[in-house]
Amino acid sequence: MGDLERLPVGIIGASGYGGVQLVRLLMDHPSVEVVYLGGDSSAGKPFSDLYPHLGHRVNLTIEPIDLDIIASRCQVVFLSLPNGLAYLMAPVLLSKGCKVIDLSADYRFWNQETYKTWYGGERNDGETAASAVYGLPELYRDRIGESQLIGCPGCYVTASLLGIAPLMKQGLIIPETAIIDAKSGTSGAGRTAKTNLLLAEADNSISPYSVTRHRHTPEIEQICSDLAGREVTVQFTPHLMPMVRGLLATIYATLRDPGLVREDLTTIYSAFYRSSPFVRVLPSGTYPQTKWACGTNLCYISIEVDPRTGRVIVMSAIDNLIKGQAGQAIQCLNVMMGWQETLGLPVVSFYP
């Protein structure tokens, strides 16, 4: 696809962390041209005023959100918005012929009652929601390739599901014994000012939050249930870490066959993800670090078995803003368009 044939795309919600990651990544995508950046409170401001470090590369102004104008200029629209806004826009954009990739929770749930229970809001887009495909390519690649609407999972869910999926799909664990202990950097909360994200509050401290009631729990359970072929519940606890970006999920579960050893499971994981270019299953005894994934669309996974307790321990590390957000959305775009899945996405971090 030459320069004159680049796919015109737009980003609604370009001023937040998800939006700026999309802009940064799409700048280097050989088959895409960003032709529209939209926002509400930031409308009228040059994007370089919000992010001066990109001023030498991005000469666009944040525009008001006008769906007719967006649809006339864009073939694909990324929605990088707070929960509860995408479902007001996606049906209109789809009706005008756009493909839509949503980074919020609005199109992640197959049962809209589950969405309403955890997120609230009154919705009348049932037909649109039913057409959405869950945007985790490692599990739903074929469906994504045929869809016009993608609901991309969040960062905690991505790391957790990639870590636990082979165990659930192959029936290797007792599902209800699954415990997910996850830790994320502060950027996962977005760019809005919050007291608990101040340096003086977050630095030199690790804190759990939303214990037993985090909104990502039903999303994890939905996909685990699909993989296991029956209703599954899991225990999920998130923690805030004193770092900007990165996410580590550690998963514990009881094995059905206590005779399995880590080399067995490492082989199983490697086979499960053999066609997934962004999943790196580490050698036995090597455990992932968030720094390895920083700035990339990679997920690093390691498996350990404790023969004393009969439990498997899976460790999964990603960059919460890339594989956990914007990079995953672009990975879905590549699959939707029939392009190489890795196109325009970083696979090597800077270290240290």
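The values are calculated or read from the model by the stated rules, or taken from the named source; none is laboratory data. Because the structure is a prediction, the values reported are computed rather than measured. Backbone-built Cβ (ideal geometry, glycine too); neighbour counts: all protein chains shown.
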Any pair with Cβ under 7 angstrom, 6 or more apart, that starts in the stretch 34-60 at a residue that is free of Cβ contacts under 8 Å to residues at least 60 places away in the same chain and under 11 Å from residue 13 (Cα atoms) and ends at one that is buried (at least 16 other Cβ atoms within 10 Å of the Cβ) and of a type in the set (Phe, Trp, Tyr): 37/47
Conditions (1) farther than 30 Å from residue 216 by Cβ; (2) among the aliphatic types (A, V, I, L, M); (3) surrounded by 20 or more Cβ atoms within 10 Å (Cβ to Cβ); number of the one not met by residue 34: (1)
Given (1) surrounded by fewer than 17 Cβ atoms within 10 Å (Cβ to Cβ); (2) of a type outside the set (D, E, K, R); (3) under 22 Å from residue 108 (Cβ atoms), number of the condition residue 330 does not satisfy: (1)
Residue pairs meeting the criteria (Cβ under 7 Å; at least 6 apart or on separate chains; first touching a residue at least 60 places away in the same chain (Cβ under 8 Å), in the stretch 247-274; second in a strand (DSSP E or B) and acidic (Asp, Glu)): 250/181
Residues (in contact with a Ser or Thr (Cβ under 7 Å, 6 or more places away or on another chain) and hydroxyl-bearing (Ser, Thr, Tyr)) located in the stretch 118-156: 156
Residue identified as assigned by TED's automatic domain parsing to the domain that holds residue 273 and on the phi > 0 side of the Ramachandran plot among 338, 310, 344: 310
Residue count, the stretch 201-233 (criterion: in a helix (DSSP H, G or I), of a type outside the set (A, V, I, L, M) and either under 23 Å from the mean Cα position of the chain (by Cα) or closer than 17 Å to residue 154 by Cβ (or both)): 9
Only listed residue being crowded, with 18+ Cβ neighbours inside 10 Å, in contact with a helix residue (DSSP H, G or I) (Cβ under 6 Å, 6 or more places away or on another chain) and not charged (D, E, K, R), chosen from 273, 269: 269
Enumeration of residues in the stretch 279-300 that are more than 22 Å from residue 186 (Cα to Cα) and not hydroxyl-bearing (Ser, Thr, Tyr): 279, 280, 281, 282, 283, 285
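Sort through 123, 108 and tell me the only one that's among the charged types (D, E, K, R), surrounded by 15 or more Cβ atoms within 10 Å (Cβ to Cβ), modelled with pLDDT of 95 or more and assigned by TED's automatic domain parsing to the domain that holds residue 14.
Going through 123, 108 in turn, the sole match is 108.
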Flag if residue 284 is under 19 Å from residue 319 (Cα atoms), surrounded by 13 or more Cβ atoms within 10 Å (Cβ to Cβ) and touching a residue at least 12 places away in the same chain (Cβ under 8 Å): no
